[in-house]
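The values are calculated or read from the model by the stated rules, or taken from the named source; none is laboratory data. Predicted model only: the values in this text are computed from it and were never measured. Heads up, the Cβs are rebuilt from the backbone with ideal geometry, glycines too, and the neighbour counts pull from every protein chain shown.
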Amino acid sequence: MRIVAVLALVACACSAMGVQTPMDTPANECRGILKIVHCFFGDQAADQDRMIRQLKDDGFGGVACNVSQDRYLEDEEKWASFTSWVAKAKKAGLALWLYDESGYPSGTAGGLTLRDHPELAAMGMLTSTATTNGDKASIVVPPGKLLLAAAFRNRGGTIDLASKIDLSANVSGARLDWQPPDGSWAVLVATTSPIHEGTHASIALAERRTYINLLDPAATRRFIEITHDRYAAHIPGKLGDTFVSTFTDEPSLMSLFFNKMDYGVLPWTGNLPAEFKKRRGRELDQLVPLIALDTGSAGKKARYDFWLTVGELVSEGFFGQIQDWCARHGLASGGHLLLEEDIASHVALYGDAMRCLRRMDAPSIDCLTSIPAEVPWRIARLASSAAELDGDTLVMSETSDHCQRYQKNPPIPISEQQIRGTCNRLFCGGVNEITSYYSFAGLSNEQLRRLNTWVARCGSELRGGRQVTDIAVLYPIESVWPDYVPASHWTPPAVGRVRDTFSTVSDTLFVDRRDFTYIDSRTLAEAKVAGDTLRYNGLEWRVLVLPAVDTLPLAAWQNVRRFWLAGGAVVAVGSLPANSEADFPSASVAKIAKEVFGDTTAPAACANANGGVGIYLPPGEEQKVTSALDAVLGHDVTVADRQSPIRATHRRIDGKEVFFVINDSDKAWAGDLTLAAAGQGEAIDPQTGESRKIDGPDKVVVKLDPYSAVILRFGEPRKPHRLRPNAAP
């Protein structure tokens, strides 16, 4: 289920803001920045009218809004003000997003979800551990209900479950003391408890209240009944006739400690053991020591199964329920996650962030900086990849200069140029809708109108169609799961290898103008191999990059082999295939690794008779991924100077090849580009809307101001050349 047609219902402010709609662009998809106004539009008609006039005069394309936080959701007079505001904004041609909370993180309904239902609060399995070689063990007992207090023989990191000694009688108050027999022992105390202290909910700038449990579908059902159902009851007609999308803000499991605690945490809910047994066929209670303590194959397998189950429950129970509700009411479900930049946090907070993003119709991100070089381009690409994989067309970024203003005295000023550069990076990552918490301090009405014109043109030109790239980069969440043990502060050190490799590979490709799609293991397993190409839901890739990927379902590894045998190129960076979902390590996976990459731990390329090539770059060689790609694939966008600040993305929209090319620098740039297209084309200036004819895609002369961009459009495709190397890069 995907909501695409809803966009056609949204009126546009283009004519009112003086925007010249680019050639062949549907006017109803052309809009400037959507200002996040929440409930600050006033109760009086004059105040509401004044705000709408100001928004229109500044060129904004719409707003994200919610009913008043004063007696949130329960005051009929505030509902009357809200419905009046919404009707006026809609009539004025403003696009509307429905913010689903009184203050982030979404889910509590301003405290109403948990009112009279404390059993729906977020829970954790809290763990305290120690290892000893005969010395007395004395450890903290976490708060909550005792789940386990025991000691196990520790054989080089492998836990001997049969050696269990029950230590529940050694618990006294908040401590456990035990004198072990000779030998090496691992001690574990585990409790289950509501969690709040040290979590995001305890430090959020908006609302610091007890949070709901995303693993419990009953909590989300109640949140929807209290919030979404009341909006549907108060807004006349179908909700999708008024709103583009819902906007959920940083919901999470809360099972990551921002402040140092005396114990580690994993997500928990009362129904987790039953769900684990149903989905994995194993008793979760028996695996707790392995999940918390064991570094061997049994522990890795237990953690893989645990986090897979968590990811399934969160994506289905929270994001899936909201998406299904939105489908019944004719609008998209959207919003962004918490700590999107760090894949290790994706495990703690969601189990699998990509799985959650794929249960939103308008997957979105949070960009808290307006220094262009700091803008998190790769999380924009992650959200837009989730949309691409499922054929969605709307990708939003909540964008602001928060990092330049929060706790800064004086605030760091942000220029029109820098905001434009920020939006350019986001558009280059696949975003096509900008919502805003910007202060816009020091900017004139003229500057605001220019920015909104820019955003409207870029967003409209890049919306729709499909991304065009030959490169797929695997989202390596399964390779994080086996090493993710409970942590008492942020994430465990063992997962840093995958996080760092994933980030380095992604950023290196971006700088080298190697656009790509992030794919998950489901996509890899289900993709069809057609010659040297992987095909999935209208997308095609001829190169697969595996950043620190050592663990995948066997079906995905088998498809990697099929792809390579048929002539595809596979680049493994930092790790070789090792584990399946069932075996750690897997003999079947090791056989595939040897066949595709050769029997080596050094940099190597292994080619076959059909032109397939497997390239391996060991740890420390991550930045050589560009050399590996140069050995197998031409560029989509070629610039003579590899160090130039030019970045680009390529889409196919209505049969046209559309390239969005940005100058990611505070200095002007001039040069020529060669593009993977054919025939005559045109260059469109997003600021003026003016276009000029281009004779062809080779050596296109481009001159760009600082943090500026150009849209290049051609009528015919031309694939980059696929090279067939016989040796290592």
Problem - Filter result for the condition that a residue is in contact with an Asp or Glu (Cβ under 9 Å, 6 or more places away or on another chain), buried (at least 21 other Cβ atoms within 10 Å of the Cβ) and in the same structural domain as LEU554 (by TED's automatic domain parsing), over SER580, SER575 - result: SER575
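Results for (1) of a type in the set (A, V, I, L, M); (2) in contact with a Gly (Cβ under 9 Å, 6 or more places away or on another chain), shown as yes or no for each residue.
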site	(1), (2)
ARG53	no, no
ASP57	no, no
GLY93	no, yes
GLY103	no, yes
ALA109	yes, no
LEU112	yes, no
Problem - Residues of region 58-100 satisfying the condition of being assigned to a helix (DSSP H, G or I), within 25 Å of ALA456 (Cα to Cα) and of a type in the set (Phe, Trp, Tyr) - result: TRP85
Handout entry: Counted residues, region 159-192 - those being assigned to a strand (DSSP E or B) and surrounded by fewer than 18 Cβ atoms within 10 Å (Cβ to Cβ)
Key = 11
Practice task
Enumerate the strands (runs of 3 or more DSSP E) found wholly within region 478-555, keeping only those where 1 or more residues are farther than 20 Å from ASP305 by Cα, out of contact with any Phe, Trp or Tyr (no Cβ under 8 Å at 6 or more places or on another chain) and not assigned by TED's automatic domain parsing to the domain that holds ASN608.
Solution key: none
Exercise for the section: Kindly check whether there is at least one residue in region 240-255 that is over 22 Å from ILE365 (Cα atoms), modelled with pLDDT of 95 or more and assigned to a loop (DSSP other than H, G, I, E, B). Expected result: yes
Practice task
Tell me, yes or no, whether region 198-211 has at least one residue that is of a type outside the set (Val, Ile, Thr), under 40 Å from the mean Cα position of the chain (by Cα) and farther than 26 Å from TRP490 by Cβ.
Solution key: no
Practice task
Filter region 641-676 down to the residues that are among the aliphatic types (A, V, I, L, M) and in a loop (DSSP other than H, G, I, E, B), then identify the one that is farthest from ASP515 (Cα to Cα).
Solution key: ALA668
Handout entry: Qualifying residues in region 241-277 (those that are of a type in the set (Asp, Glu) and either touching a strand residue (DSSP E or B) at 6+ places or on another chain (Cβ under 8 Å) or crowded, with 24+ Cβ neighbours inside 10 Å (or both)) - the one nearest to LEU146 (Cα to Cα)
Key = ASP262
Problem - Count of region 139-155 residues which are touching a residue at least 40 places away in the same chain (Cβ under 8 Å) and surrounded by fewer than 18 Cβ atoms within 10 Å (Cβ to Cβ) - result: 4
Exercise for the section: Select from region 101-155 the residues that are assigned to a strand (DSSP E or B) and in contact with a Cys (Cβ under 9 Å, 6 or more places away or on another chain) and list them in ascending order. Expected result: none
